[in-house]
Amino acid sequence: MTRAAHEFPLADDALSRIIREHHAPLVTHVQGRVRSPGDAEDIVQETWIRAMARIAEEEEQGAIRNLRAFLYRIAGNLSIDHLRRRKVRAHLEAGSIDDEEALQVASQAPLADAALIAAEQQRAFEAALRGLPARARKVLLLSRVEGWTYPRIAEALGISLRTVSNDIERALALCLSQLIERED
């Protein structure tokens with residue numbers, strides 16, 4: 001038994017007869033819908049593939065009652081799918097969807113794994129901050145979170161500009177080393 005005969009319930013000669021009988025009318029029918037001989041041939045080819053797969057599935061449940069109607073239904077559905085894809089492609093190629101519309105398709109929200117990683121990094125940073133000396137933590141937060149300038153921090157805390165710079169440098173180094181430790 002040949003592979004094709006084993007996969008499909010139709011013998012090779014019966015399959016050839018069915019294709020010869022229905023191929024040209026199917027192509028004509030599909031071409032009338034899609035207005036393209038090449039696309040019509042492709043759709044009919046896909047029709048045969050789907051029909052043979054379905055016939056193989058139906059073998060145990062019983063034969064398909066009206067083969068012609070069955071083939072035309074598959075070809076019609078594939079034609080509709082093809083026309084829908086063509087319409088979307090034409091809109092995209094014509095630039096009929098503006099940038100604002102296109103941006104609304106994708107969510108601006110971070111991916112779930114990115115959000116989890118960001119939350120873990122935030123917790124690690126907060127733990128590192130808690131481990132800093134009080135003045136260094138305050139200087140770092142005023143500078144990086146509140147956006148204060150070094151002179152403003154120095155004046156508010158009554159310390160020198162050099163001390164502000166040293167505290168920020170020390171705080172960042174300690175935070176960085178603690179974050180690196182956590183990753184290892």
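The values are calculated or read from the model by the stated rules, or taken from the named source; none is laboratory data. Remember, predicted model here, so these are calculated numbers, not experimental data. Counting neighbours? That spans all protein chains shown, and the Cβs are built from the backbone with ideal geometry, glycine included.
Things to note:
- Cβ-Cβ distances below 7 Å connect the following pairs, each with a first residue in region 28-39 that is touching a residue at least 40 places away in the same chain (Cβ under 8 Å), a second residue that is of a type in the set (A, V, I, L, M, F, W, C), and a separation of six or more residues or different chains: HIS29/ALA75; VAL30/ALA40; VAL30/ILE43; VAL30/VAL44; VAL30/ALA75; VAL34/ALA40; VAL34/ILE43; VAL34/LEU83.
- None of ILE64, ILE117 is at pLDDT below 85, in contact with a Lys or Arg (Cβ under 8 Å, 6 or more places away or on another chain) and not small (Gly, Ala, Ser) except ILE64.
- Tabulated pairs, region 167-182, first under 17 Å from VAL139 (Cβ atoms) and free of Cβ contacts under 8 Å to residues at least 60 places away in the same chain, second assigned to a helix (DSSP H, G or I) and of a type in the set (Val, Ile, Thr), C-beta under 6 angstrom, 6+ apart or interchain: ASP167/VAL139; ILE168/VAL139
- Tally, over region 135-184, of residues that are hydrophobic (A, V, I, L, M, F, W, C) and surrounded by fewer than 17 Cβ atoms within 10 Å (Cβ to Cβ): 11
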